[in-house]
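Worksheet: one structure, shown below.
Each value in this text was obtained by applying a stated rule to the coordinates, not by laboratory testing. Treat the numbers as computed from the prediction; the structure is a model and nothing was measured. A quick note on method: Cβ atoms are made from the backbone with ideal geometry, for glycine too, and the neighbour counts reach across all protein chains shown.
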Amino acid sequence: MEDNVRETIRRLILDAGACAVGFAEATAVDDADMALYDRWIAAGAHGEMSYLDRYHDVRRDPRLLLDGAQTVISCAFDYRPAVRHPLFADYALGSDYHEVIRQRLTPVAEAIRGRFGGETRICVDTAPIRERYWAARAGVGRIGLNGTLIVDGIGSKVFLAEIIWTGTVTPDVSRLGDSCMRCGACLKACPGKALRGDASLDARRCNSYLTIEYRGELPQDLHLPGRIYGCDICQDVCPHNLTDRATSIAEFSPSEALMRLDAAALSAMTPDSYRTIFRHSAIRRTRLPHLLRNLLHHSHNP
Ligand code: SF4
Ligand code: SF4
């Protein structure tokens with residue numbers, strides 16, 4: 001019976017566009033894993049992302065996110081676009097995934113409650129939950145040395161989301177102990193040597209963090225060899241991503257206006273044109289002066 005419920009829910013989520021779905025019992029996160037996280041924070045490797053240093057109790061135990069939580073349902077959505085932009089990371093090309101995935105999972109959560117009872121809570125990068133940990137624990141994929149969650153046959157260009165549920169099903173087999181190929185290509189290719197070799201990164205040396213999250217002046221010696229918003233290098237070199245497949249989720253495809261943007265067009269942008277082009281994009285969370293800071297740095301330190 002529990003297995004039927006699990007497979008029905010899995011089908012509902014796959015039909016909503018996910019490429020992989022897994023189920024884990026909602027419990028406390030392993031002590032060893034939390035100790036790694038705590039050491040990462042203590043080393044300051046999270047940079048100025050101070051929100052990562054808050055709600056440690058919730059990060060340690062997702063049951064604090066929903067009274068009576070019994071199951072974490074982890075969902076991966078493939079975002080690899082069919083076309084790429086030289087200046088923007090792949091994940092940012094389409095519509096803001098926070099909104100797209102929440103829209104897609106909301107009717108699924110309603111269906112779960114309606115058919116199987118209980119309460120649900122959807123998290124799309126919006127709650128202090130260890131997303132990759134739960135995805136690996138729920139069997140969705142394995143965590144690579146580049147810190148990403150790698151889904152078999154799909155790769156690491158996936159967005160993760162969770163439905164926390166008060167119902168129970170038989171969990172999927174954990175992939176927490178699975179390693180990637182450990183070929184080291186990501187470590188070698190990283191321009192800032194940000195990857196620490198234990199599947200974590202030092203954000204202060206990571207181009208993705210520096211171009212998206214960091215508000216101060218960019219370090220003089222920082223090289224931006226490619227993108228001015230995000231950085232796909234450690235994923236692009238990963239053998240798990242050597243595939244021509246592209247997402248089937250239409251909202252993750254870039255608009256023609258965005259694809260036409262080049263350095264000259266970006267430099268000439270006004271706040272109004274910026275708002276219009278990036279209206280539905282996660283890029284709008286970065287302000288125009290911030291993007292222009294990156295562009296200027298890119299032109300001097302390619
Ligand atoms: S995103 Fe870029 S800078 Fe950051 S760890 Fe990966 S390769 Fe290095
Ligand atoms: S590039 Fe190699 S070491 Fe890095 S995540 Fe991929 S398989 Fe693992």
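Distance in nm between label sites at residue 276 and residue 215, each 7 Å beyond Cα in the beta-carbon direction?
2.9 nm
Pull out a ≥ b ≥ c, the square roots of the eigenvalues of the alpha-carbon gyration tensor of region 1-118, then state rounded if a/c is under 1.5, prolate if not and a/b is larger than b/c, and oblate in the remaining case. Intermediate results must be reported in sequence, preceding the final value.
On the way: a/c = 2.26, a/b = 1.11, b/c = 2.04.
The shape class here is oblate.
Output wanted: per-residue J couplings in Hz (rounded whole) for region 57-67, from phi through Karplus 6.51 cos²θ - 1.76 cosθ + 1.60, θ = phi - 60°, x for Gly and Pro.
Calculated HN-Hα couplings, in order: 5, 6, 4, 7, 8, x, 5, 6, 7, 7, 4 Hz.
Under the classification rounded if a/c is under 1.5, otherwise prolate if a/b is larger than b/c and oblate if not, where does the chain fall, given a ≥ b ≥ c as square roots of the Cα gyration tensor eigenvalues? Please report the intermediate quantities before stating the final value.
On the way: a/c = 1.81, a/b = 1.46, b/c = 1.24.
Prolate is the answer for the chain, as a/c is 1.5 or above and a/b outweighs b/c.
Compute the angle between helix 97-116 and the longest alpha-carbon principal axis of the chain, please, reported from 0 to 90 degrees and rounded to the nearest 10.
The angle comes out near 10 degrees.
Could you identify which residue out of 205, 54, 63 has the top mean-square fluctuation in a GNM of the chain using Cα springs shorter than 10 Å?
Maximum fluctuation in the GNM of the chain, among the listed residues, is at 54.
Enter the Cα centre distance for the pair region 202-237 and region 1-34, rounded to the nearest angstrom.
33 Å
Assign one of three labels to region 173-302, namely rounded, prolate or oblate, based on the Cα gyration tensor with a ≥ b ≥ c the square roots of its eigenvalues; rounded applies when a/c is under 1.5, prolate when it is not and a/b is larger than b/c, and oblate otherwise. Write out the running numbers ahead of the final one.
Values: a/c = 2.19, a/b = 1.39, b/c = 1.58.
Note, shape of region 173-302 comes out oblate.
By how many degrees, 0 to 90 and rounded to 10, does the Cα axis of helix 288-300 deviate from the longest principal axis of the chain?
Approximately 60 degrees, to the nearest 10.
Name the long-range amide H neighbours of residue 95: under 5 Å, sequence gap of 5 or more, or other chain; modelled H, no Pro or chain starts.
When sequence neighbours closer than 5 places are left aside, the close amide H contacts are 252, 253.
Under a plain spin-label model, where a point goes 7 Å from the Cα along Cα-to-Cβ, how far apart in nm are residue 259 and residue 284?
2.1 nm
With a 4.7 Å Cβ cut-off, tell me which Cys residues in the chain come up empty for a partner.
Here 19, 75, 123, 180, 183, 190, 206, 231, 238 come out as lacking a disulfide-compatible partner, given the Cβ-Cβ threshold of under 4.7 Å.
Could you tell me how many degrees, from 0 to 90 and to the nearest 10, lie between the Cα long axis of helix 31-42 and the main elongation axis, the longest principal axis, of the Cα atoms of the chain?
Helix 31-42 sits at roughly 20 degrees to that axis.
For region 144-217, state which GluC sites (Glu not before Pro) are in a DSSP loop and have at most 13 other beta carbons lying within 10 Å of their beta carbon. Don't jump to the answer; show the numbers that get you there.
Values: sites: 162, 213, 217; in loops: 213, 217.
Passing sites in region 144-217 are 217.
Where does each of 253, 74, 174, 156 land when they are ranked from fewest to most other beta-carbon atoms within 10 angstrom?
Details: 253 19, 74 30, 174 14, 156 25.
Final ranking by Cβ density, sparse to dense: 174, 253, 156, 74.
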